[in-house]
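Below you'll find the structure, written out as structure tokens, and then a few comments.
The numbers here are math on the coordinates, done by the rules we state, and not lab data. Bear in mind the structure is a predicted one, so any value in this text is a computation, not a measurement. All Cβ positions, even for glycine, are placed from backbone atoms using ideal geometry, and neighbour counts span all protein chains on display.
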Amino acid sequence: MKLEQWIYVEKMTTTEFAKLVGANKASIHRYMYEMVIPSKEMMQSIYVATRGAVTANDFYELDYNLFHFDDVINMDSRYNGERYDD
């Protein structure tokens, strides 16, 4: 869920959310409109404050449909955790 959507659903103001996560209103605005990606620490605060509804992927928009978990399992079994440098 996008941060803007979560704030709207929760009927919260950006000022209220900013206080909740220890940020200023301008920073929250930049996160909401994807002008800036939050730092790791802020991302953790957002995740906790939204009870997991807003995640890092909501800022990066990774397409999990392109990722095949079976490929990872196969790679892991081929390499047995060893490091290979080309």
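Cα convex hull, the stretch 3-44: 62 Å³ per residue, rounded to a whole number. Here Met35 and Lys2 are evaluated by their C-beta separation; at R0 = 22 Å the FRET efficiency comes out at 0.95.
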